[in-house]
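Report on the structure given below.
The values are calculated or read from the model by the stated rules, or taken from the named source; none is laboratory data. Model, not experiment: these values are computed from the prediction. Because the Cβ atoms are built from the backbone with ideal geometry, glycine has one as well, and the counts that use them run over all protein chains shown. Remember, those area values only see protein heavy atoms, side chains included, never the ligands or the DNA or RNA. Shrake-Rupley method; radii C 1.70, N 1.55, O 1.52, S 1.80 Å.
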Amino acid sequence: MSRMNVYGTVADGFEPVREEFTATVAEQDGQAGAQLTAYVRGRRVVDLWSGDEAGGDTLTAVYSSTKGAATLVTALLVQEGVLDLDEPVARHWPEFAAAGKDTITLRDVLTHRSGVIGIDGGLSAAELADDAVIASRLAGQRPYWRPGSAYGYGGFVTFAIVNEVIRRVTGHSLQQLYDERIRIPYGLDLFLGLPAAEEQRFRPIQWWTATPEQEAAFWSNLPGPHSILGIGYGLNSTPPLDQVAFANTRAVRANGPASAGGVGSARGLAGLYAAAVSGLDGRPPLLKPDTVAEFAQLHSSGSDLVRGAQGNYALGFQAKGLRYTFLSANAFGHDGSAGSESFADPVSGIAFGYTRRRFGFAWSYPEHDRLAAAVHRAAIAAIAAIAA
């Protein structure tokens with residue numbers, strides 16, 4: 001185990017979080033870097049980072065943690081009565097009704113129950129960089145299972161569908177609304193479309209490290225490219241989607257596709273969830289309690305047709321109260337395939353953001369449990385001390 005330098009600050013009582021983070025980055029033995037930020041009831045209590053050529057304001061690809069920002073835009077529009085979760089998508093986007101998709105609702109899409117997870121023949125990396133192109137390709141696609149009968153994670157396409165509905169209802173893209181309503185007002189370092197002026201802060205994602213034997217064993221057990229998992233993760237395209245190259249492409253960063261193209265930092269991820277439930281820097285929370293209750297409610301659990309037994313989805317968000325049982329039942333958030341993690345617990349007021357720049361072997365991130373638990377323990381102790 002090597003010793004890595006850890007930088008940043010923690011509030012009084014959160015020193016054990018620094019210790020856990022230090023142990024985590026030492027075990028990773030990588031100079032690629034990691035970041036951890038946490039808020040409790042709108043107050044930043046943890047702001048840590050490590051790695052070569054990295055700082056607290058370094059930006060990197062957050063993959064499906066992007067879905068948290070996209071869902072927050074959707075939740076705001078539902079809260080304001082602009083969107084109806086139970087209207088068929090085709091009511092606003094008639095082309096989507098083709099091939100048996102006429103009854104699919106926005107709720108079905110957000111809970112991964114639509115069966116629309118990709119297309120026959122696959123989507124190229126260039127197509128996946130643009131939500132409008134994804135939507136045009138999905139319009140004629142038949143669902144891969146009967147809508148509503150089961151659920152399966154739509155990793156790269158779910159929010160292209162949502163984005164198309166938002167564009168047709170409001171005249172603006174999800175990315176435009178995110179910038180105007182959330183990122184700019186709350187000063188968040190989390191972008192759905194990274195401006196060229198911010199490029200110097202971006203650091204690329206790196207592939208995992210493994211022995212040749214580990215690699216061979218892993219890939220020999222992977223389902224085929226035309227399986228449900230293969231379709232969901234873009235393996236049925238020619239060539240199969242390279243997840244690392246995808247996120248490190250300027251076109252992806254510039255467009256910010258709403259399912260997996262976000263760029264940010266741990267500060268940005270944690271700030272997003274703090275803004276959602278507690279407010280930031282004197283600004284009020286973005287979501288009302290009833291909206292939080294609606295979007296944090298568990299909708300899809302049990303076996304995921306794409307990811308196996310990894311599910312538990314609320315509306316757009318992952319149901320984090322099932323993922324981390326020390327959190328409240330209505331905790332919500334979203335992780336990303338390169339190891340980012342982010343969530344809010346409305347009961348304790350915790351908002352958590354974590355990034356890392358190197359994939360974990362076989363997409364395994366055991367440090368999530370340890371870091372989330374360390375933040376939770378310190379937060380609960382701090383809240384108890386204030387109440388005493």
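Remarks
- ALA23 meets all of the listed conditions (1) touching a Gly at 6+ places or on another chain (Cβ under 9 Å); (2) surrounded by fewer than 21 Cβ atoms within 10 Å (Cβ to Cβ); (3) modelled with pLDDT under 95 but one, namely (1).
- Residues considered: ALA258, ALA274, ALA296. Of these, the only one that is touching a helix residue (DSSP H, G or I) at 6+ places or on another chain (Cβ under 6 Å), open to solvent by less than 20 Å² (accessible area, probe 1.4 Å) and modelled with pLDDT of 95 or more is ALA258.
- Restricting segment 331-361 to residues that are of a type in the set (A, V, I, L, M) and open to solvent by less than 40 Å² (accessible area, probe 1.4 Å), the residue that is farthest from ALA32 (Cα to Cα): ALA331
- Within segment 302-317, the set of residues being assigned to a loop (DSSP other than H, G, I, E, B) and either open to solvent by less than 10 Å² (accessible area, probe 1.4 Å) or out of contact with any helix residue (DSSP H, G or I) (no Cβ under 7 Å at 6 or more places or on another chain) (or both) comprises GLY302, SER303, VAL306, ARG307, ALA309, GLN310, GLY311, ALA314, LEU315, GLY316, PHE317.
- Selection of segment 178-202 for residues being open to solvent by less than 20 Å² (accessible area, probe 1.4 Å) and part of a helix (DSSP H, G or I) yields TYR178, ILE182.
- Taken over segment 214-238, the residue count meeting the criterion of being exposed (fewer than 15 other Cβ atoms within 10 Å of the Cβ) and closer than 29 Å to LEU174 by Cα is 1.
- Unmet requirement for VAL62, which otherwise passes all of (1) modelled with pLDDT of 95 or more; (2) surrounded by 16 or more Cβ atoms within 10 Å (Cβ to Cβ); (3) over 25 Å from GLU199 (Cα atoms); (4) β-branched (Val, Ile, Thr): (3)
- Among the residues making up segment 128-161, those that are of a type in the set (A, V, I, L, M, F, W, C) and more than 27 Å from GLY193 (Cα to Cα) are TRP145, ALA150.
- Given (1) of a type in the set (D, E, K, R); (2) free of Cβ contacts under 8 Å to residues at least 60 places away in the same chain; (3) open to solvent by 60 Å² or more (accessible area, probe 1.4 Å), number of the condition LYS320 does not satisfy: (3)
- The lone exception for VAL252 - which of (1) open to solvent by less than 10 Å² (accessible area, probe 1.4 Å); (2) in a loop (DSSP other than H, G, I, E, B); (3) within 21 Å of TYR63 (Cα to Cα) it fails: (2)
- Filtered residues of segment 88-140 (kept if surrounded by fewer than 20 Cβ atoms within 10 Å (Cβ to Cβ), of a type in the set (S, T, N, Q) and part of a loop (DSSP other than H, G, I, E, B)): THR103, SER124
- Considering segment 21-77, the residues that are of a type in the set (Asp, Glu) and over 21 Å from the mean Cα position of the chain (by Cα) include one that is farthest from GLU367 (Cα to Cα), namely GLU53.
- Checking each residue in segment 267-298 for being over 16 Å from LEU190 (Cα atoms) and part of a helix (DSSP H, G or I) picks out VAL277, PRO289, ASP290, THR291, VAL292, ALA293, GLU294, PHE295, ALA296.
- Each residue in segment 370-388 was checked for being open to solvent by 70 Å² or more (accessible area, probe 1.4 Å), in contact with a helix residue (DSSP H, G or I) (Cβ under 9 Å, 6 or more places away or on another chain) and closer than 16 Å to ALA331 by Cα, and 1 of them qualify.
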